[in-house]
Amino acid sequence: MSEPARGAVFADGEAYEKFMGRRSRVCGRKFVDWLNLSEGLEWLDAGCGTGALGEVILDMCAPSVLNGIDPSEPQIKGARGKIANSRAAFHIGDAMDMPFGEASFDVAVSSFALNYVPDKQKMMNEMARVVRPGGTVATMVFDHAGGEDPARHFWRPVIARDAAFYEAEFKKRGWDITRPDIIEGFFKAAGLVEIEIHAITFEDAY
């Protein structure tokens, strides 16, 4: 029997912020700008981490409501401590089984979380479930399949020494999801229509 895809919980909010914060904000601004949505909407950030994308949404989109959810208590603690805004609330919870009713939001977004959940289709289904008809569901993912991800400098020597081990880890982690056809398939299976896929480039400083 094959081993299921591995999920991830980032337990150190401060370390995660140092590693991912700038990257999430720069890419987040490009992501939100591409979405080009109106002000005053109700937003959900699934897998919100320390709230980097939430900060961008509050700054650029003037949402009436922003809810974030993440399984990591340290991440949520970091988001709550950093973002003091009456429109924003951050919850400890699972993006694959969210505690929100159907059609609760106008927009559901996710920043780099889909790469790391064990059941990616279930998370996409949940994002679609909580969005109102005519709303927007959007996610950013690292291009692991294209070799462009934050850990690529770590993985390159691993590949050089043991390519078979890397291929096995790649499959276990479900990192082939960045292929456009697979991403489109997740959206279609969740019942979503008018699907667009867009590449965001970023000059990484790490």
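The values are calculated or read from the model by the stated rules, or taken from the named source; none is laboratory data. The structure presented is a predicted model; accordingly, all values stated were derived computationally and were not measured. Reconstructed Cβ throughout: ideal geometry from the backbone, glycine too, with neighbour counts over all protein chains shown. Accessible surface is based on the protein model in full, side chains and every heavy atom, while ligands, DNA and RNA are left aside. Shrake-Rupley method; radii C 1.70, N 1.55, O 1.52, S 1.80 Å.
What the table shows:
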| quantity | calculated |
| --- | --- |
| One residue from Val109, Val56 being in a helix (DSSP H, G or I) and either β-branched (Val, Ile, Thr) or more than 26 Å from Thr201 (Cβ to Cβ) (or both) | Val56 |
| Neighbours by Cβ (under 6 Å, 6+ apart or cross-chain): first from the range 71-84, closer than 28 Å to Pro118 by Cα; second surrounded by 16 or more Cβ atoms within 10 Å (Cβ to Cβ) and of a type in the set (Ser, Thr, Tyr) | Gln75/Thr50; Gly78/Thr50; Ala79/Thr50 |
| Residues of the range 125-144 that turn out to be at pLDDT below 95, open to solvent by less than 20 Å² (accessible area, probe 1.4 Å) and not in a strand (DSSP E or B), as a count | 2 |
| Residues of the range 87-118 satisfying the condition of being of a type in the set (S, T, N, Q) and modelled with pLDDT under 95 | Ser111, Asn115 |
| Selection from the range 80-94 of residues that are in a loop (DSSP other than H, G, I, E, B) and surrounded by fewer than 20 Cβ atoms within 10 Å (Cβ to Cβ) | Ala84, Asn85, Ser86, Arg87, Gly93 |
| Failed condition for Gly47, given (1) over 11 Å from Ala113 (Cβ atoms); (2) surrounded by 24 or more Cβ atoms within 10 Å (Cβ to Cβ) | (1) |
| Any chance Asp97 is surrounded by fewer than 17 Cβ atoms within 10 Å (Cβ to Cβ) and either β-branched (Val, Ile, Thr) or touching a residue at least 12 places away in the same chain (Cβ under 8 Å) (or both) | yes |
| Considering residues of the range 68-79 that are open to solvent by 10 Å² or more (accessible area, probe 1.4 Å) and in contact with a helix residue (DSSP H, G or I) (Cβ under 7 Å, 6 or more places away or on another chain) only, the residue modelled with the highest pLDDT | Asp70 |
| Positions within the range 50-67 being open to solvent by 10 Å² or more (accessible area, probe 1.4 Å) and of a type in the set (A, V, I, L, M, F, W, C), in sequence order | Leu58, Met60, Ala62, Val65 |
| Some residue of the range 17-30 being modelled with pLDDT of 95 or more, under 19 Å from Val137 (Cα atoms) and buried (at least 23 other Cβ atoms within 10 Å of the Cβ) | no |
